[in-house]
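Q: Below are the structure tokens for one structure; questions will follow.
The values are calculated or read from the model by the stated rules, or taken from the named source; none is laboratory data. Everything numeric here is computed off the predicted structure, so don't read it as measured data. A quick note on method: Cβ atoms are made from the backbone with ideal geometry, for glycine too, and the neighbour counts reach across all protein chains shown.
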Amino acid sequence: MTAPPRECADDAALIEQSWHEPEAFAELYDRHAAPIHRYVTRRLGDGAADDVVAETFLLAFGGRHRYDLARSDARPWLYGIAANVIGKHRRTEVRMWRALARTGTDR
């Protein structure tokens, strides 16, 4: 059986296909990167958004074997990963500011 064209496949089919053909995951990026980027930008600003989106899709790619294929839409999964990366980014930023405050130096 041949796989459906990537443009027609739902997200779960693309993720499953990417298990054997990793380049198929690029279609998932093409579909969802822009809205994920807007979501991250609203929460962190434009400066950090590119890095957070890149990390989101890197983590998604690494965890694609654990994706629940019963869910045809990957957006909630991707937003969840992005929210976790945003939280990690904010915690790191808070630690940096606290460490800077302890130095007694004003940048």
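Q: Could you pull out the residue among Ala3, Ala9 that is modelled with pLDDT under 95 and surrounded by 18 or more Cβ atoms within 10 Å (Cβ to Cβ)?
A: Ala9
Q: May I pose another question? Residues in region 87-106: is at least one under 27 Å from Trp19 (Cα atoms) and without any contact (Cβ under 8 Å) to a residue 60 or more places away in the chain?
A: no
Q: Scan region 39-57 for residues that are under 12 Å from the mean Cα position of the chain (by Cα) and either farther than 16 Å from Asn84 by Cβ or of a type in the set (Asp, Glu) (or both) and jot them down.
A: Asp50, Asp51, Glu55
Okay, residues lined up against (1) crowded, with 17+ Cβ neighbours inside 10 Å; (2) more than 28 Å from Ala9 (Cβ to Cβ); (3) modelled with pLDDT of 95 or more:
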position: Ala26; (1), (2), (3): no, no, yes
position: Asp30; (1), (2), (3): no, no, yes
position: Arg42; (1), (2), (3): no, yes, yes
position: Gly47; (1), (2), (3): no, yes, no
position: Val53; (1), (2), (3): yes, no, yes
position: Thr56; (1), (2), (3): yes, no, yes
position: Ala60; (1), (2), (3): yes, no, yes
position: Pro76; (1), (2), (3): no, no, yes
position: Val85; (1), (2), (3): yes, no, yes
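Q: Another question, then. Pairs only if they're at least six apart or on different chains, beta carbon under 8 angstrom, first in region 16-31 and farther than 12 Å from Ala74 by Cβ, second among the hydrophobic types (A, V, I, L, M, F, W, C) and surrounded by fewer than 17 Cβ atoms within 10 Å (Cβ to Cβ); list them, first residue then second.
A: Every condition considered, the pairs that remain are Gln17/Ala3; Pro22/Phe61.
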